[in-house]
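Step one of this worksheet: look at the structure below.
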Amino acid sequence: MSDDRKRTIEKRPWSITRRAVLASGSAVGALAAFGLKTPAMAQETTPAAPAAFLPRVLVSFAVNGVTQDIDLDPRTSLLDALRETIGLTGTKKGCDHGQCGACTVHVDGRRVASCLTLAAQVADREITTIEGLGDDEALHPMQQAFIDHDALQCGYCTPGQIMAAVACVHEGHAGSEAEIREYMSGNICRCGAYPGIVAAIRNAAQVMEG
Amino acid sequence: MQSFSYARPASLDSAIATFAEGGEGTRLLAGGTTLYDLMKLDVERPERIVDINGLAELSTIDTSGDELVFGALARMSDVAADPRLADEFPALSEALWKAASQQLRNMASLGGNLLQQTRCAYFRHGEPFACNKRSPGSGCSAIEGLNRGHALFGGSDACIATYPGDFAVALIAFDAEVDVAGPDGERTIPVSDLHRQPGDNPEAETVLMPGEIIIRIRVPADAVGRGSTYHKIRDRESYAFAVVSAAAAVRLEAGVVADARLALGGVATVPWRAREAEHSLIGTALTAETARAVGEIAFADAVTREHNAFKVELGANVVRDALLIASGRA
């Protein structure tokens with residue numbers, strides 16, 4: 001990833017959140033819940049006390065190794081946080097209902113649909129997007145295999161296909177064409193590039209496991 | 001999407017207290033694959049969300065004992081991959097990995113999966129269509145509408161929406177139970193009693209009381225599990241809801257059926273146990289003909305609609321094939 005794409009969103013004054021937290025009377029529990037812990041806070045948290053309901057959330061998570069601290073409306077999906085707030089537009093919005101796979105990213109190494117994940121849910125987690133897969137020197141073997149096998153036409157589903165495919169190999173679900181087709185069924189390609197996608201995954205799996 | 005306020009408790013006790021404090025208009029968020037989807041459609045309009053994903057105590061999977069025990073927050077993909085489950089309860093494992101996509105299975109919790117809401121298009125897509133489940137008293141557009149996917153069993157004049165899940169169907173075949181916790185403590189509910197048939201008030205989908213949280217699922221580790229399958233027929237080969245599915249299990253003694261379990265998915269308003277069909281199997285030797293006869297018994301009382309009558313013939317064949325697969329493993 002190049003330096004100009006590495007950026008940490010400027011920490012906004014958290015006055016809105018703080019006001020809400022103070023109004024709720026449970027600032028410690030609320031902050032602890034969002035991964036903003038201090039040793040003193042951790043000790044003061046009462047396990048059985050209700051957690052505060054907050055109209056805004058202050059969330060910290062890592063995206064491609066860079067910590068992001070963002071203040072957001074709790075309705076915000078991880079997909080929208082990545083694209084609209086953090087500015088990483090490689091992850092695509094297709095159906096926005098978890099049906100097409102275009103928004104696939106990794107959370108702690110597991111593939112998920114970022115459109116059906118609240119950004120608030122991934123506090124303290126590590127997110128990997130298509131931008132974080134390769135580096136300046138080389139593409140990830142899966143990216144290279146998609147090029148080599150002509151595994152796309154329009155390319156809109158491709159970032160999601162590649163993120164799903166990398167996870168598919170890591171899970172051990174790329175052992176045969178049939179297994180690849182089953183475990184890649186959550187990624188729809190309206191151009192119908194499936195033969196190339198399957199071939200690319202078979203090839204990349206050998207490189208990744210070799 | 002309606003705006004909501006968000007809380008993330010860090011323990012079960014705190015979650016119960018938070019859920020109670022939120023009161024009406026408060027919903028639990030686990031994987032979010034149903035709730036967040038329906039919120040985007042404005043079908044679900046919670047004012048407060050309690051995110052329970054911080055409750056690590058509910059994520060355990062233990063298949064080592066006389067009882068399989070799954071925490072309500074165990075993810076579908078992790079449970080599907082459990083080696084003992086795949087060996088000794090293939091129907092449970094298959095019901096999980098044949099559902100949704102790996103992305104969604106990585107997100108979706110078992111507890112949330114049990115409570116998955118119907119895919120009825122009239123429920124999901126709002127006005128101008130009537131739906132008693134979404135908007136009580138408004139009527140049912142499906143009964144005289146496009147009802148290819150709708151229920152043959154357990155429907156009422158108010159609602160024929162199909163329960164869409166797979167795992168609950170497999171669970172009821174093995175007499176599984178859920179433990180729930182709420183402000184008044186814990187109680188246990190058979191999975192077969194968890195869902196309500198629609199009757200006159202289809203908006204009440206389960207017997208859970210306000211403030212109750214599913215905390216674990218328990219399945220007796222019965223020997224009948226080994227000879228089992230979850231046979232799921234879909235409009236496409238993968239990543240689709242069941243048109244018809246059958247969880248079937250048999251235990252054979254001297255070549256005849258000594259124990260049989262049969263539950264149906266994709267055809268009823270709730271996970272549907274076919275007990276009469278099960279009983280007809282005891283003492284018989286399974287062949288394609290006898291298995292098909294069992295399928296006909298299972299679908300004998302089907303109430304068909306304009307577009308879903310094909311499921312009677314299809315269903316009898318699905319039961320036949322499921323029983324033959326199961327007996328091949330017994």
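Being on the phi < 0 side of the Ramachandran plot and of a type in the set (Ser, Thr, Tyr) is the filter; apply it to the range B:200-250 and report the residue that is nearest to the other protein chains (Cβ to nearest Cβ). Working first, answer last.
Narrowing the range B:200-250 to residues on the phi < 0 side of the Ramachandran plot: B:200-210, B:212-238, B:240-250.
Okay, now just the ones that are also of a type in the set (Ser, Thr, Tyr), so B:206, B:228-230, B:238, B:245.
Details: B:THR206: 22, B:SER228: 20, B:THR229: 16, B:TYR230: 15, B:SER238: 4, B:SER245: 16 Å.
If we take residues in the range B:200-250 being on the phi < 0 side of the Ramachandran plot and of a type in the set (Ser, Thr, Tyr), then B:SER238 is nearest to the other protein chains (Cβ to nearest Cβ).
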Criterion: among the basic types (Lys, Arg), open to solvent by 20 Å² or more (accessible area, probe 1.4 Å) and not assigned by TED's automatic domain parsing to the domain that holds A:SER60 - qualifying residue of A:ARG125, A:ARG190, A:ARG110: A:ARG190
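Yes/no matrix, rows are residues, columns are (1) part of a strand (DSSP E or B); (2) without any contact (Cβ under 8 Å) to a residue 12 or more places away in the chain; (3) open to solvent by 10 Å² or more (accessible area, probe 1.4 Å):
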{"site": "B:ALA258", "(1), (2), (3)": "yes, no, yes"}
{"site": "B:LEU262", "(1), (2), (3)": "yes, no, no"}
{"site": "B:VAL270", "(1), (2), (3)": "no, no, yes"}
{"site": "B:ALA277", "(1), (2), (3)": "no, no, no"}
{"site": "B:SER280", "(1), (2), (3)": "no, no, yes"}
{"site": "B:THR290", "(1), (2), (3)": "no, yes, yes"}
{"site": "B:ALA293", "(1), (2), (3)": "no, no, yes"}
{"site": "B:GLU296", "(1), (2), (3)": "no, no, yes"}
Helices (runs of 4 or more DSSP H) wholly inside the range B:1-107 that include at least 3 residues being open to solvent by 10 Å² or more (accessible area, probe 1.4 Å) and within 7 Å of another protein chain (Cβ to nearest Cβ): B:12-22, B:102-107
Number of the condition not met by B:TYR122 [criteria: (1) out of contact with any Lys or Arg (no Cβ under 7 Å at 6 or more places or on another chain); (2) free of Cβ contacts under 8 Å to residues at least 60 places away in the same chain; (3) surrounded by fewer than 24 Cβ atoms within 10 Å (Cβ to Cβ); (4) not in a strand (DSSP E or B)]: (3)
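Of all residues in the range B:180-228, which are in a loop (DSSP other than H, G, I, E, B) and closer than 15 Å to B:LEU68 by Cβ?
Going through the range B:180-228, the residues in a loop (DSSP other than H, G, I, E, B) turn out to be B:183-184, B:196-205, B:207-212, B:221-222, B:226-227.
Selection gives B:ALA221, B:ASP222, B:ARG226.
Looking only at residues in the range B:315-330 that are charged (D, E, K, R) and open to solvent by 60 Å² or more (accessible area, probe 1.4 Å), which one is farthest from B:LEU146 (Cα to Cα)?
Let us first name the residues in the range B:315-330 that are charged (D, E, K, R), namely B:320-321, B:329.
After this cut, where a residue has to be open to solvent by 60 Å² or more (accessible area, probe 1.4 Å) as well, the list is B:320, B:329.
Values: B:ARG320: 28, B:ARG329: 38 Å.
Here the residue is B:ARG329.
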Scope the range A:133-171; condition open to solvent by less than 20 Å² (accessible area, probe 1.4 Å), under 11 Å from A:ILE201 (Cβ atoms) and out of contact with any His (no Cβ under 8 Å at 6 or more places or on another chain); matching residues: A:MET142, A:ALA145, A:PHE146, A:ALA151, A:GLN161, A:ALA164, A:ALA165, A:CYS168, A:VAL169
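A quick yes/no check of all residues on (1) surrounded by 19 or more Cβ atoms within 10 Å (Cβ to Cβ); (2) in contact (Cβ under 8 Å) with a residue 60 or more places away in the chain:
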| site | (1), (2) |
| --- | --- |
| B:GLU127 | no, no |
| B:LYS133 | yes, yes |
| B:ALA168 | yes, yes |
| B:ALA173 | yes, yes |
| B:PRO183 | no, yes |
| B:ARG187 | no, no |
| B:MET209 | no, no |
Among residues of the range A:130-185, those that are within 14 Å of chain B (Cβ to nearest Cβ) and under 23 Å from A:ARG83 (Cα atoms), counted: 10
Members of the range A:67-86 found to be more than 13 Å from B:ARG8 (Cα to Cα) and open to solvent by less than 20 Å² (accessible area, probe 1.4 Å), listed by number: A:GLN68, A:ILE70, A:ASP71, A:LEU72, A:SER77, A:LEU78, A:LEU79, A:ALA81, A:LEU82, A:ILE86
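Yes/no per residue for (1) polar (S, T, N, Q); (2) under 23 Å from B:ALA86 (Cα atoms); (3) touching an Asp or Glu at 6+ places or on another chain (Cβ under 9 Å):
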position	(1), (2), (3)
B:ARG273	no, yes, no
B:ALA277	no, no, yes
B:ALA293	no, no, no
B:ALA300	no, no, yes
B:GLU306	no, no, yes
B:PHE310	no, no, no
Evaluation of B:SER192 against (1) touching a helix residue (DSSP H, G or I) at 6+ places or on another chain (Cβ under 8 Å); (2) under 28 Å from A:TYR183 (Cα atoms) (one fails), failing number: (2)
Count - residues of the range B:298-314 that are open to solvent by less than 60 Å² (accessible area, probe 1.4 Å) and touching a helix residue (DSSP H, G or I) at 6+ places or on another chain (Cβ under 8 Å): 3
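The values are calculated or read from the model by the stated rules, or taken from the named source; none is laboratory data. Everything numeric here is computed off the predicted structure, so don't read it as measured data. Every residue, glycine as well, gets a Cβ built from its backbone with ideal geometry; the counts of neighbours run over all protein chains shown. We work out accessible area using only protein heavy atoms, side chains counted, and drop any ligands, DNA or RNA first. Shrake-Rupley method; radii C 1.70, N 1.55, O 1.52, S 1.80 Å.
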